[in-house]
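Asker: This is the structure I want to talk about, given as structure tokens.
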Amino acid sequence: MNNRIGVFICHCGVNISTTVDVEEVTEFASKQPNVVVARNYKFMCSEPGQAMIQKDIGENHLDAVVVAACSPQMHELTFRNACEEGGINRYLFQMSNIREHCSWIHDKKTAATQKAEALVNAAIRRVAWHEPLEPTFSEVNPATLIVGAGIAGIQAALEIAESGNPVYLVEKESTIGGKMAKFDKTFPTLDCAACILTPKMVSISHRKNIHLMTMAHVEKVDGFIGNFKVTVRKKARYVNEKCTSCNDCVDVCPVKVPHYFDEYHSERTAIHKAFPQAVPNTYVIDKQEKPPCIEACPIRQEAAGYVALIRERRFKEAAELIRLRNPLPVVCGRVCYHPCETECNRDYVEKPIAIQYLKRFALDWAREQGESIEPPKIERRAEKVAVIGSGPAGLTCAHDLAAKGYDVAVFEKLSELGGMLRVGIPAYRLPRHLLKEELDYLKKLGITFKMNAEFGKKITINRLKEEGYQAIFLAAGAHAGVTLDILGEGSEGVISGVDYLRRVNLGIESHTGRNVAVIGGGNTAMDAARTALREGAEKVTILYRRTRAEMPAAPHEVDDAEEEGIRIHYLIAPTAIARGPDGKLDVTCINIELGEPDASGRRRPIPIKGSEHVLEFDMVIPAISQNPDPKLFSNGGDQLKKSRWGTIEVDEESLKTNIDGVFSGGDVVLGPSTVIASMGAGRRAAESIDKCINGQPLENFQTHMPKERIARGEDFRPHSYAPMFKDIPKSDRVGMRKLPAHARVKGYDEVELGFSEEEAVREASRCLNCGVCVECLACVKTCQPEAIDHRMQNELVDIEVGQILLATGYDLFDASHAAQFGYGKLDNVLSSLEFERMLSSTGPTGGKLLCKNGKEPRAIGIIHCIGSRDENYHKYCSRVCCMYALKFAHLVKDRTDAEVYQFYIDMRAYGKGFEEFYNRVLMEAATVIRGKVAEVVPSGPTLKEQGHLVIRCEDTLVSKFREIPVDMVVLCNAIEPTADSEDIRRLFSISRSPDGFYLERHPKLDPTATMTDGIYIAGCCQGPKDIPDTVSQAAGAAARMLAIIAKGKVELDPIRAEIQEELCSGCRICNSLCPYFAIDFDAEKKISIINTALCKGCGTCVAACPAAAITGKGFTNNQIFAEIEGMLV
Amino acid sequence: MSGFEPKILAFLCNWCSYSGADLAGVSRLKMPPNVRPIRVMCSGRVDPAFVLKAFASGADGVLIGGCHPGDCHYAEGNYKALRRALFLQRMLELQGVDPRRLRIEWISASEADRYAGVVADMTEIVRALGPLNLDRWEKVRIRKR
Ligand code: FES
């Protein structure tokens, strides 16, 4: 224990002594135990004050010191150093805060003095328990992270880079330059912002030791000064460094959105560059959310892309784009069940885009124009692959593998190719010549087809392997109709839907009854019913056990069926079939009611007792479902693992079966599914087989599998520049013309007639360009240096730095919150940044001042203090507005003959050259009116007055109410903290001041550091300031950081936890408490141990240890107990 | 009981609440002189024994100030502090001590007003509760180590 304590009490000028009787406190202190000397002085922190302490340490042999003055956060370091120089350990010192925590917050002298005594006493008692401690040192990583690459970040980066040390510069936009890059001229010197900024931007890109990361943000920060570990997320740019900035891609991009860089007053394409001098000078593709239509497609067809191309009347390109990914595009254009449309966001507005019809249109157009597409040149490989089944799954797999060069043979059991496409889907939906067209293309690709080759007979897995096939894809489909399981089902005249369709489609003689019943509600049922009609049936009735709402068939198929005269009985199910002597089939039916939803989500059908009745037909076609042919598992496939449902079991990701080298997909795995789902499986299988043959592990698949999407409702936008779904003007979906019903049933002519060019363009124009880039890949085709890569991924980059500078800038106050100024409602009311862009020669008007009607304004009103110096929004002054408002006035006068009115509260011209500038602008005859504007209103309702405005205000210098007519209003919006500043604050563990800007360590003496060591701030993120102040602060911060880099190490407070081994019982309570995982359990000694390098000294474990075995150095229990006692005298 | 001025001890974490209290000083916000702050690195350092010791040594109330949830400089010390405070309040109540004598508050470095408000409010509450009469307690001795 220390028993020679010196107490030094500061007056702090009069700051302390006005409310605290310093003499009395000194007197009090001198009487406390262990105190050998107590003194007071005007400024303890001054040189003589410190000398006084040091002298006493020497003369009075002090072993501990208390200073009662300001906050330790202000001067603790000063006095620690003084003690050390005086000859005692720097930690044998305690500071008592009698200024911030006493004299400044109280006004009664007796009470304040009493409290000061308690505070001093606590420190005296505490310091008696202090022990000498040695600071620890940590190496400083010389690399620096700078977040935000506006002028502040750029300046600091250049300053530090000059020293040769590495800098990581992280910017969230696609270019550096920040807000300054948007300005036209700067006040008061009127140099052009771009001219002074761009050379600096360019030097950033030239510096080898500056690692620039654009479109990036910091995701995680660990560690402490000297050694931070930072994770940065870099968004994909989709254009690499090969980009030569030739602009060719912009010419072909079909998507236009408002351009953020021009404050949404101009348009740009999805692939774009923020502005011509952007750094890095590479283009960037704006991909926000992935378009849902593309994501929903099992083969990831670029639906949005070809829709956009059709809108631009680039039909050929649209057809080519479709072909690129789709081996069966014509088929899909006609019979796909189009999950893309189901997911289409336009559904939130009114109806989805007719994507499938548009696809069909593009390909029909190409065919009509005689545009034939030749397969690409392929380098052949020797490996052989066998595909069993020529349905959509098999064909897609064969196509993808053939395109990779494999020698692919497709084995088809029937005499015709196409699987269900050929024998399931009737010709009026998919004309045969079109299917042939697809098959011809596949043949040209080098695929060999073997018909009448049934799996299980001559062809078995073993035989194929013996013949040298390295992999087999089993896609035999599901061609066996599921039985109804009722009495009399085997009667003559009963034939399953798939069997019936197959016979008709293959032209096998088959008798169709006159009065036909089809049982089921799926697409097969519809196909069978409509085919029966075309085969001469007079009456076709569909019996379905649920209602229309639950029907799995595509709604338009059901409509078509009904139009053709097919009757549908809902809520009915057959229970028995009996064939009468006259050959008629008596079908006993029962009525159904719907109960609770079952596992599939559809309501469970419940038969109504006693409702049995008999219906009479002469043919019954059950078409409830299909299964794979059970024979598959007997011959040649007997080792295949079979699922409960009679399908082949595969690994969901790789589609691998239980037999090596054998993969399977499509209906034979999924049960009856859709063309596109089968194609997706074929594609995945091809990737698997390719990996398998190349000896790669079956993981990291690139082929697409649609994910669940979250419905978001109409309060959402397709992309960040678009209105909400509910605010988008409605426009009807274009329907497709069809053959009239009476003409249809006469034969197998295609029912749907396709879109005309006009219809297609009209429909395509409804697309909302969700996510901006629609992946039409036009840019890829046009880019000569091959710099575009749509598959680029976001990246996580880990970096290690010693110090961090935040220069994250500001946001502009959104003036639409202050409705009286009409921003966002009235034309020609502009924000300051919008006006800057209008003034800029690279802006939307090329630097011309123009009203919405294209005319030059005759009078302009500039209103100061929008959102700042305003109790309702921000109380602070934004500091730059007066001056840029004057700059605006000057530029207006310079370029037009317009009158300029300035409405100000106080004119603040505090900087170098500002007052002179103010006078100059006054001379240029700008009218200044002192008074806060009440409102901006339209000048009148007539057409002539439209677009003209009136500013109502009080002129406080003449005490008059005034109304000033103008053509344009410019608002001087406040500078406010960025929307993400709370997140950033948290991430870097710093604080914000009450105004929301980042809190500096000291408002006057340390405006660039924060309370967290090693983290600095510069520019407007610390508070509003102009460019010179920003640059100075950034340079100052850089100097601070360079000093520490030069020193190479930092001193860390030795406030750390320590375990006294003999007291630790090994209860391990502390182990899980430590947020830094600094506490481990030593299993051998059965005690916990602390890794001092990881400990940060929070003391949580100290407080939690039931045995009090952990000591918090610098904050020990004894010290705090003593402090408590001392505080309560 | 007129003229009773309670003594309240405040354990303030270095990063948020202590800085908030400093800002209150810098902003010259006036508040009653009854609250006496003790700086700790984190509210998680506040050992339940500190609180008991404070009461035993004559405090009429104890305030614990920490960073807002999610803001603790050491990630989660404030959650631990909250857990301990709630537990202590239950224990105090069993001992016949009004649980309002122990209070935990989240005060950030910028919330000077909030700090001043809490100080005024707590002073008033504890003043109304009157002096903490500890005679019923055994003379609490807390081991020094
Ligand atoms: S540092 Fe403030 S509560 Fe942990």
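Asker: Can we say A:Asp222 is outside the structural domain of A:Arg762 (by TED's automatic domain parsing) and without any contact (Cβ under 8 Å) to a residue 24 or more places away in the chain?
Answerer: Values: outside the structural domain of A:Arg762 (by TED's automatic domain parsing): yes; without any contact (Cβ under 8 Å) to a residue 24 or more places away in the chain: yes.
Considered against the rule, which asks whether it is outside the structural domain of A:Arg762 (by TED's automatic domain parsing) and without any contact (Cβ under 8 Å) to a residue 24 or more places away in the chain, A:Asp222 comes out as yes.
Asker: Conditions: (1) free of Cβ contacts under 8 Å to residues at least 24 places away in the same chain; (2) within 14 Å of chain B (Cβ to nearest Cβ). A:Met95 meets all but one. Number of the miss?
Answerer: (1)
Asker: Looking at (1) over 30 Å from A:Ile1015 (Cα atoms); (2) part of a loop (DSSP other than H, G, I, E, B); (3) touching a residue at least 40 places away in the same chain (Cβ under 8 Å), which is the one condition that is false for A:Glu834?
Answerer: Of the numbered conditions (1) over 30 Å from A:Ile1015 (Cα atoms); (2) part of a loop (DSSP other than H, G, I, E, B); (3) touching a residue at least 40 places away in the same chain (Cβ under 8 Å), the odd one out for A:Glu834 is (2).
Asker: So A:Ile693 passes all but one of these: (1) crowded, with 19+ Cβ neighbours inside 10 Å; (2) modelled with pLDDT of 90 or more. Which condition number does it fail?
Answerer: Status for A:Ile693: all satisfied but (1).
Asker: Using the structure shown, decide if A:Phe79 is of a type in the set (Phe, Trp, Tyr), open to solvent by less than 10 Å² (accessible area, probe 1.4 Å) and more than 14 Å from chain B (Cβ to nearest Cβ).
Answerer: On the way: of a type in the set (Phe, Trp, Tyr): yes; open to solvent by less than 10 Å² (accessible area, probe 1.4 Å): yes; more than 14 Å from chain B (Cβ to nearest Cβ): yes.
So A:Phe79 passes the test.
Asker: Applying the selection to the range B:11-44, what residues are more than 9 Å from the ligand (Cβ to nearest atom), in a helix (DSSP H, G or I) and more than 7 Å from every other protein chain (Cβ to nearest Cβ)?
Answerer: Residues satisfying the conditions are B:Gly20, B:Leu23.
Let's see how each residue does on (1) open to solvent by 60 Å² or more (accessible area, probe 1.4 Å); (2) more than 8 Å from chain B (Cβ to nearest Cβ); (3) within 15 Å of the ligand (Cβ to nearest atom):
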residue	(1), (2), (3)
A:Asp1082	no, yes, no
A:Ile1087	no, yes, no
A:Ile1090	no, yes, no
A:Leu1094	yes, yes, no
A:Thr1100	no, no, yes
A:Cys1105	no, yes, no
A:Ala1109	no, yes, no
A:Gly1112	no, no, yes
A:Ile1120	no, no, no
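Asker: Here's a follow-up. Which members of the range A:174-183 meet the condition of being open to solvent by 40 Å² or more (accessible area, probe 1.4 Å) and farther than 15 Å from A:Cys1021 by Cβ? Talk me through it step by step, then tell me what you get.
Answerer: Initially, the range A:174-183 is screened for residues open to solvent by 40 Å² or more (accessible area, probe 1.4 Å), giving A:179, A:183.
Within the range A:174-183, just A:Phe183 meets the criteria.
Asker: Which of the residues that make up the range B:59-75 are at the interface with chain A (Cβ under 9 Å from one of its Cβ atoms) and more than 13 Å from the ligand (Cβ to nearest atom)?
Answerer: Of everything in the range B:59-75, just one residue is at the interface with chain A (Cβ under 9 Å from one of its Cβ atoms) and more than 13 Å from the ligand (Cβ to nearest atom), namely B:Ala59.
Asker: Which one is nearest to the chain's Cα centre (by Cα) among residues in the range B:76-92 that are within 11 Å of the ligand (Cβ to nearest atom) and open to solvent by 50 Å² or more (accessible area, probe 1.4 Å)? Let's see the steps before the verdict.
Answerer: Here is the first cut: in the range B:76-92, the residues within 11 Å of the ligand (Cβ to nearest atom) are B:76-82.
Next cut, open to solvent by 50 Å² or more (accessible area, probe 1.4 Å) only: B:76, B:79, B:82.
On the way: B:Glu76: 19, B:Tyr79: 15, B:Leu82: 12 Å.
Among those that are within 11 Å of the ligand (Cβ to nearest atom) and open to solvent by 50 Å² or more (accessible area, probe 1.4 Å), it is B:Leu82.
Asker: Follow-up question, since we're still on this one. So if I check each of A:Lys609, A:Lys642, A:Lys656, which one is open to solvent by 40 Å² or more (accessible area, probe 1.4 Å) and within 22 Å of A:Lys691 (Cβ to Cβ)? Step through it out loud before you land on a result.
Answerer: On the way: A:Lys609 fails: within 22 Å of A:Lys691 (Cβ to Cβ); A:Lys642 fails: within 22 Å of A:Lys691 (Cβ to Cβ).
Going through A:Lys609, A:Lys642, A:Lys656 in turn, the sole match is A:Lys656.
Asker: Here is a further query. Test of understanding: among B:Leu86, B:Leu132, which residue is more than 9 Å from chain A (Cβ to nearest Cβ) and part of a loop (DSSP other than H, G, I, E, B)? Write out each step before concluding.
Answerer: Details: B:Leu86 fails: part of a loop (DSSP other than H, G, I, E, B).
Being more than 9 Å from chain A (Cβ to nearest Cβ) and part of a loop (DSSP other than H, G, I, E, B) holds for just one of B:Leu86, B:Leu132, which is B:Leu132.
Asker: Identify the single condition in (1) assigned to a loop (DSSP other than H, G, I, E, B); (2) more than 14 Å from every other protein chain (Cβ to nearest Cβ); (3) modelled with pLDDT under 90 that A:Phe1077 does not satisfy, given that it satisfies every other one.
Answerer: Tallying (1) assigned to a loop (DSSP other than H, G, I, E, B); (2) more than 14 Å from every other protein chain (Cβ to nearest Cβ); (3) modelled with pLDDT under 90, A:Phe1077 fails exactly one: (2).
Asker: Something else now. Does the range A:755-769 contain at least one residue that is in a loop (DSSP other than H, G, I, E, B) and in contact with a His (Cβ under 7 Å, 6 or more places away or on another chain)? Outline the logic, then answer.
Answerer: So in the range A:755-769, the residues in a loop (DSSP other than H, G, I, E, B) come out as A:755-756, A:765-769.
Retained after the next criterion (residues that are in contact with a His (Cβ under 7 Å, 6 or more places away or on another chain)): A:769.
So far as the range A:755-769 goes, yes, one or more of its residues are in a loop (DSSP other than H, G, I, E, B) and in contact with a His (Cβ under 7 Å, 6 or more places away or on another chain).
Asker: Somewhere in the range A:416-424, is a residue within 27 Å of A:Leu753 (Cβ to Cβ) and touching a strand residue (DSSP E or B) at 6+ places or on another chain (Cβ under 7 Å)? Spell out the reasoning first.
Answerer: Of the range A:416-424, the ones within 27 Å of A:Leu753 (Cβ to Cβ) are A:416-424.
From what is left, the residues that are touching a strand residue (DSSP E or B) at 6+ places or on another chain (Cβ under 7 Å) are A:417.
Yes, the conditions are met somewhere in the range A:416-424.
Asker: Show the residue pairs meeting these rules: Cβ distance below 8 Å; 6+ apart or different chains; first residue within the range A:1087-1110 and farther than 21 Å from B:Val46 by Cβ; second residue of a type in the set (D, E, K, R) and within 16 Å of the ligand (Cβ to nearest atom).
Answerer: A:Thr1092/A:Arg1056
Asker: Any chance the range B:94-101 includes a residue that's open to solvent by 10 Å² or more (accessible area, probe 1.4 Å), in contact with a helix residue (DSSP H, G or I) (Cβ under 8 Å, 6 or more places away or on another chain), more than 16 Å from A:Glu1123 (Cα to Cα) and at the interface with another protein chain (Cβ under 8 Å from one of its Cβ atoms)?
Answerer: No, the range B:94-101 contains no residue that is open to solvent by 10 Å² or more (accessible area, probe 1.4 Å), in contact with a helix residue (DSSP H, G or I) (Cβ under 8 Å, 6 or more places away or on another chain), more than 16 Å from A:Glu1123 (Cα to Cα) and at the interface with another protein chain (Cβ under 8 Å from one of its Cβ atoms).
Asker: Could you tell me which of the residues A:Leu474, A:Leu484, A:Leu464, A:Leu501 is open to solvent by 10 Å² or more (accessible area, probe 1.4 Å) and in contact (Cβ under 8 Å) with a residue 12 or more places away in the chain?
Answerer: A:Leu484
Asker: Let me ask another. Is it the case that some residue within the range B:47-58 is under 25 Å from A:His106 (Cβ atoms), within 9 Å of the ligand (Cβ to nearest atom) and open to solvent by less than 10 Å² (accessible area, probe 1.4 Å)?
Answerer: Taking every residue of the range B:47-58 in turn, none turns out to be under 25 Å from A:His106 (Cβ atoms), within 9 Å of the ligand (Cβ to nearest atom) and open to solvent by less than 10 Å² (accessible area, probe 1.4 Å).
Asker: Continuing with the same structure: So, in the range A:34-46, how many residues would count as being without any contact (Cβ under 8 Å) to a residue 40 or more places away in the chain, open to solvent by 40 Å² or more (accessible area, probe 1.4 Å) and assigned to a loop (DSSP other than H, G, I, E, B)?
Answerer: Residues in the range A:34-46 being without any contact (Cβ under 8 Å) to a residue 40 or more places away in the chain, open to solvent by 40 Å² or more (accessible area, probe 1.4 Å) and assigned to a loop (DSSP other than H, G, I, E, B): 3 in total.
Asker: Residues of the range A:586-605 being free of Cβ contacts under 8 Å to residues at least 24 places away in the same chain and within 47 Å of the chain's Cα centre (by Cα), which ones?
Answerer: Initially, the range A:586-605 is screened for residues free of Cβ contacts under 8 Å to residues at least 24 places away in the same chain, giving A:590-591, A:593, A:595-601, A:604.
Those that are free of Cβ contacts under 8 Å to residues at least 24 places away in the same chain and within 47 Å of the chain's Cα centre (by Cα): A:Glu593, A:Gly595, A:Glu596, A:Pro597, A:Asp598, A:Ala599, A:Ser600, A:Gly601, A:Arg604.
Asker: Look at A:Thr186 and say whether it is open to solvent by less than 50 Å² (accessible area, probe 1.4 Å), in contact with a helix residue (DSSP H, G or I) (Cβ under 9 Å, 6 or more places away or on another chain) and over 23 Å from A:Lys273 (Cα atoms).
Answerer: Numbers: open to solvent by less than 50 Å² (accessible area, probe 1.4 Å): yes; in contact with a helix residue (DSSP H, G or I) (Cβ under 9 Å, 6 or more places away or on another chain): yes; over 23 Å from A:Lys273 (Cα atoms): yes.
Against the criterion (open to solvent by less than 50 Å² (accessible area, probe 1.4 Å), in contact with a helix residue (DSSP H, G or I) (Cβ under 9 Å, 6 or more places away or on another chain) and over 23 Å from A:Lys273 (Cα atoms)), A:Thr186 qualifies.
Asker: Follow-up. With A:Val1050, A:Val1031 as the choices, which residue is among the aliphatic types (A, V, I, L, M) and not in a helix (DSSP H, G or I)? Steps first, answer last, please.
Answerer: Numbers: A:Val1031 fails: not in a helix (DSSP H, G or I).
Residue meeting the stated conditions: A:Val1050.
Asker: Quick check on the range A:554-567. Is at least one of its residues touching a residue at least 60 places away in the same chain (Cβ under 8 Å) and in a strand (DSSP E or B)?
Answerer: First, the residues of the range A:554-567 that are touching a residue at least 60 places away in the same chain (Cβ under 8 Å): A:554, A:560, A:563-565.
If we keep only those that are in a strand (DSSP E or B) as well, we get none.
Looking for residues that are touching a residue at least 60 places away in the same chain (Cβ under 8 Å) and in a strand (DSSP E or B), one finds none in the range A:554-567, hence no.
The values are calculated or read from the model by the stated rules, or taken from the named source; none is laboratory data. This is a predicted model, so every value here is computed, not measured. As a convention, Cβ positions derive from the backbone with ideal geometry for all residues, glycine included, and neighbour counts pool all protein chains shown. Just so you know, the surface numbers come from the protein's heavy atoms only, side chains and all, with ligands and any DNA or RNA stripped out. Shrake-Rupley method; radii C 1.70, N 1.55, O 1.52, S 1.80 Å.
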